[in-house]
Amino acid sequence: MMETLFNEKQKPLALKILQGTRISATEAAELFNGFSISQLSFLSSERKRQISGSNVYFNRNIHVEPTNICVYQCRFCSYRASSSDDSYIYSAEDIIRKIEQVENNITEVHITGGVHPEWGIEYFGGLIGKIHNRFPNLHIKAFTAVEIEFMCQVDGISVEEGLKKLMQSGLQSLPGGGAEIFDEDIRLRISPEKSSGKIWLDIHKTAHKLGMNTNATMLYGHIESYEQRIMHMESLRNLQDETKGFQAFIPLKFRRANNPMSNVEEISLMEDLKNYAVARIFLDNIPHLKAYWPAIGANIAQLSLLFGVDDLDGTINDSTTIYSRAGAENKPQMTSTGLIQLIHEAGFEAVERDSLYGIIHKYKNHE
Ligand code: V47
Ligand code: SF4
């Protein structure tokens, strides 16, 4: 395969990847700029196989967004309320009712939303506590680093103290949102008020230190360059070397509908696939690469499995509006049977996992 698929200049890097050796930022740029899509599919699939064999994971969860009121005005955001007319707030009781409707079909509750000006750790600790008491067997993954930072400021406490309080209430892991792009210049242009990438990384580092697992995202395909994506991933790789607390990396493709960045063209499917592949190869220490299918559609998510993705989020009801407003095609709803079929069609074993990647059930391809 090596002989025919790669030219002489490409062979040393291809070999390095096949041997499972870490690649540099310069080599990642070579992959983006000088390797074809079929070459990247081959290399990233091989890396995926070394890490997770023929497994492709999924979990059964519900995404809950308590409010779309937000103190920030990220330019890519189609979700935040632009006026009080289109704002909403779900009370703890509303949220509990939503979860009750699906409680027997899920193992995880994922909670993120707008950054509300008045809700601090006390408020969210109370919310998490009520959910945890009512559904003690469901894993609660909640709040981006951006939300955590703000709620700690509201109550005037440190991030470490805030995280400890949320954990005491029942918080078990953090999702990866709010990372956007760490490059300061691009970050200022797309989400001017959000705090720096360094603060995002520090909050995840603190969570890892306290024993929580977290995810990491990257918002890509807008005005950033390949180099800026690689720098973003390098910051994550460096922190992961130190803490080992990241479970999954989730590249989030910029969607342009109904937001102030609608003039920016969305990138092509081939570019998405390339991005998954380079992420799988470069992030050698983050175990899972997740495709968030409500954002890209089930078809592209299926194709991403041939470019290093080993995890599909999730079986979700239709309560998430972050992407449906931003132009995603799919109504975000899929049964686990649909997901299993999608994974089997792509040639992998479908593995239902819990929130810490423990195996709940493995669906062999013939089941
Ligand atoms: O931080 C907002 C992104 C994120 C747009 O950890 C957009 O398991 C593209 O982080 N186009 C929130 N992206 C969602 C998120 C997430 C999703 C699924 C799983 C996990 C996990 C985390 O959504 C935001 C932002 O980067 N986002 N608007 C948009 N127009
Ligand atoms: Fe607020 Fe999040 Fe939208 Fe930014 S992306 S405006 S923080 S809801």
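The values are calculated or read from the model by the stated rules, or taken from the named source; none is laboratory data. The structure presented is a predicted model; accordingly, all values stated were derived computationally and were not measured. Methodologically, a virtual Cβ is constructed for each residue, glycine included, from the backbone with ideal geometry; neighbour enumeration extends over all protein chains shown.
Looking at this structure, is PHE6 away from ligand 2 (no atom under 16 Å from the Cβ), over 25 Å from GLU265 (Cβ atoms) and among the aromatic types (Phe, Trp, Tyr)?
For PHE6, the condition - away from ligand 2 (no atom under 16 Å from the Cβ), over 25 Å from GLU265 (Cβ atoms) and among the aromatic types (Phe, Trp, Tyr) - is met.
Looking at the stretch 137-154, can you tell me whether even one residue there is in a helix (DSSP H, G or I), more than 16 Å from ligand 2 (Cβ to nearest atom), at pLDDT 95 or above and over 18 Å from the mean Cα position of the chain (by Cα)?
no
Please give the number of the condition GLY211 fails out of (1) away from ligand 1 (no atom under 13 Å from the Cβ); (2) in a loop (DSSP other than H, G, I, E, B); (3) within 23 Å of SER24 (Cα to Cα).
In the conditions (1) away from ligand 1 (no atom under 13 Å from the Cβ); (2) in a loop (DSSP other than H, G, I, E, B); (3) within 23 Å of SER24 (Cα to Cα), GLY211 misses (3) alone.
Per-residue answers, yes or no, for (1) within 16 Å of ligand 1 (Cβ to nearest atom); (2) surrounded by fewer than 18 Cβ atoms within 10 Å (Cβ to Cβ); (3) within 27 Å of ARG353 (Cα to Cα); (4) among the hydroxyl-bearing types (Ser, Thr, Tyr):
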| residue | (1), (2), (3), (4) |
| --- | --- |
| PHE143 | yes, no, yes, no |
| GLU149 | yes, no, no, no |
| VAL154 | no, no, no, no |
| LEU201 | yes, no, yes, no |
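Being surrounded by 18 or more Cβ atoms within 10 Å (Cβ to Cβ) and more than 28 Å from GLU345 (Cα to Cα) is the requirement here; does ARG80 meet it?
It is true that ARG80 is surrounded by 18 or more Cβ atoms within 10 Å (Cβ to Cβ) and more than 28 Å from GLU345 (Cα to Cα).
Which members of the stretch 165-211 meet the condition of being within 16 Å of ligand 2 (Cβ to nearest atom), over 17 Å from HIS222 (Cβ atoms) and of a type in the set (Val, Ile, Thr)?
Those that are within 16 Å of ligand 2 (Cβ to nearest atom), over 17 Å from HIS222 (Cβ atoms) and of a type in the set (Val, Ile, Thr): ILE199, ILE203.
Output the number of the condition that SER196 fails; it satisfies all remaining conditions of (1) within 12 Å of ligand 1 (Cβ to nearest atom); (2) without any contact (Cβ under 8 Å) to a residue 40 or more places away in the chain.
(1)
Restricting to the stretch 76-104, name every residue that is among the small types (Gly, Ala, Ser), closer than 29 Å to ARG134 by Cα and within 14 Å of ligand 2 (Cβ to nearest atom).
SER87
VAL102 fails exactly one of the following numbered conditions: (1) under 23 Å from the mean Cα position of the chain (by Cα); (2) of a type in the set (A, V, I, L, M, F, W, C); (3) closer than 26 Å to THR217 by Cα. What is the number of that condition?
(3)
Answer yes if at least one residue in the stretch 110-122 is buried (at least 16 other Cβ atoms within 10 Å of the Cβ), of a type in the set (Gly, Ala, Ser) and assigned to a helix (DSSP H, G or I), and no otherwise.
No, there is no match, as no residue in the stretch 110-122 is buried (at least 16 other Cβ atoms within 10 Å of the Cβ), of a type in the set (Gly, Ala, Ser) and assigned to a helix (DSSP H, G or I).
PHE182: of a type in the set (Phe, Trp, Tyr), over 20 Å from LEU273 (Cβ atoms), at pLDDT 95 or above and touching a Ser or Thr at 6+ places or on another chain (Cβ under 8 Å), yes or no?
Taking the combined requirement at face value, the residue satisfies it.
Tell me which of these ASN105 doesn't satisfy, since it passes every other one: (1) more than 16 Å from ligand 1 (Cβ to nearest atom); (2) modelled with pLDDT of 95 or more; (3) under 23 Å from THR335 (Cβ atoms).
(2)
State the number of residues belonging to the stretch 155-193 that are outside any helix (DSSP H, G or I), farther than 24 Å from GLY314 by Cβ and within 21 Å of the chain's Cα centre (by Cα).
Adding up the residues that qualify gives 4.
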